[in-house]
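Note sheet for the following structure.
The values are calculated or read from the model by the stated rules, or taken from the named source; none is laboratory data. Remember, it's a predicted structure, so these values are computed and weren't measured experimentally. Counting neighbours? That spans all protein chains shown, and the Cβs are built from the backbone with ideal geometry, glycine included. The area values use the complete protein model at the heavy-atom level, side chains included, leaving out ligands, DNA and RNA. Shrake-Rupley method; radii C 1.70, N 1.55, O 1.52, S 1.80 Å.
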Amino acid sequence: APVQFDDIDEDYEDGYGGRGPAFTAPTRPRTGKAALPLKRDRTRSKRYLEIQKLRESKKEYDVPMAISLMKQVANTRFVESAEAHFRMNLDPKYNDQQLRATVNLPKGTGQTVKIAVLTQGEKIDEARAAGADIVGSDDLIEQIKGGFMEFDKLIASPDMMPKVASLGKILGPRGLMPNPKAGTVSPNITQAIDEFKKGKVEFRVDKTGIAHIPFGKVNFPEEDLIANFMAVVRSIERNKPSGAKGIYWKTAYVCSSMGPSIKLNIKEMLDYGADSSN
């Protein structure tokens, strides 16, 4: 039978320029932040909504109130760490604007620190007696090269540093490379072990100029957390790089491991530090 043109589907494409169905390009699956639901479409948890009732997101708090609020919102099933986050007016790509130092937390960290020591001779027995968890010399270096990383801090005596240099690519990215500024290269092994066991913490600014520093556990009494926090603030002030220009402190926050950030008033924080040190 002859073809009736009225029976041809208007959306039919004959390959010669005729009309056809609209072409839809295949969409790639979204990844990363693009895959997250929009804020208006998110379903917030009961815990999140309860926390939002306790704090004002844009308010700047003084130190005692911020610490108190941080403890209130830390309501997970485990004991969270207390953390401080400071944005400094520093550009660490310049040597004179690098901030790397240590602070002795007067009330401790609340954590058990596993310490390894690289030394030789009589200092091996000295390190064991001081409470080091792992002690070795060339044998420990070979173990680390083989992937052994069962420690939180690595302390080395100065005479071991030429040999430790070969571990730079392994330890450096993990933040475990011994360094005199961090107190992990010391001729006094006993003192170094004792300080880190009691609560000595190393800190540095990252490439964006932010220092992230734990200062205890949220189940510490408020006065102990305040003492630790102000020790951190004083250490950052004391170790101000020579190349720092203009306003040194940009922002300061405290938070628990799983809690929201609580913004501090910089002026009140520094004034509180001055008052508490008198």
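List of remarks:
- In the stretch 180-194, the count of residues that are under 20 Å from the mean Cα position of the chain (by Cα) and in a helix (DSSP H, G or I) is one or more.
- Among the residues of the stretch 201-215, the one identified as in contact with a Pro (Cβ under 8 Å, 6 or more places away or on another chain) and closer than 15 Å to residue 112 by Cβ is 201.
- In this entry, residue 14 is excluded by the filter for residues that are open to solvent by less than 80 Å² (accessible area, probe 1.4 Å) and modelled with pLDDT of 90 or more.
- Evaluated against (1) surrounded by fewer than 20 Cβ atoms within 10 Å (Cβ to Cβ); (2) outside any helix (DSSP H, G or I), residue 139 falls short on exactly one condition, (2).
- Taken over the stretch 149-158, the criterion of being open to solvent by 10 Å² or more (accessible area, probe 1.4 Å) and over 23 Å from the mean Cα position of the chain (by Cα) is satisfied by 158 alone.
- Residue 228 being crowded, with 16+ Cβ neighbours inside 10 Å, assigned by the TED database to the domain that holds residue 105 and within 20 Å of residue 112 (Cβ to Cβ): yes
- All of 184, 190, 251 fail the test of being open to solvent by 30 Å² or more (accessible area, probe 1.4 Å), β-branched (Val, Ile, Thr) and not assigned by the TED database to the domain that holds residue 65, apart from 190.
- Pairs where the first residue, in the stretch 80-97, is under 12 Å from residue 218 (Cα atoms) and the second is open to solvent by 20 Å² or more (accessible area, probe 1.4 Å) and of a type in the set (Ser, Thr, Tyr), C-beta under 6 Å, 6+ apart: 80/257; 81/257
Per-residue answers, yes or no, for (1) farther than 23 Å from residue 256 by Cβ; (2) of a type in the set (Ser, Thr, Tyr):
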{"site": "143", "(1), (2)": "yes, no"}
{"site": "166", "(1), (2)": "yes, yes"}
{"site": "188", "(1), (2)": "yes, no"}
{"site": "194", "(1), (2)": "yes, no"}
{"site": "200", "(1), (2)": "no, no"}
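- Scanning the stretch 89-113 for residues that are of a type in the set (D, E, K, R) and outside any loop (DSSP other than H, G, I, E, B) yields 96, 100.
- Within the stretch 248-265, the set of residues being aromatic (Phe, Trp, Tyr) and in a strand (DSSP E or B) comprises 249, 253.
- If you go through the stretch 169-200 and pick out every residue that is touching a Pro at 6+ places or on another chain (Cβ under 7 Å) and among the hydrophobic types (A, V, I, L, M, F, W, C), you end up with 1.
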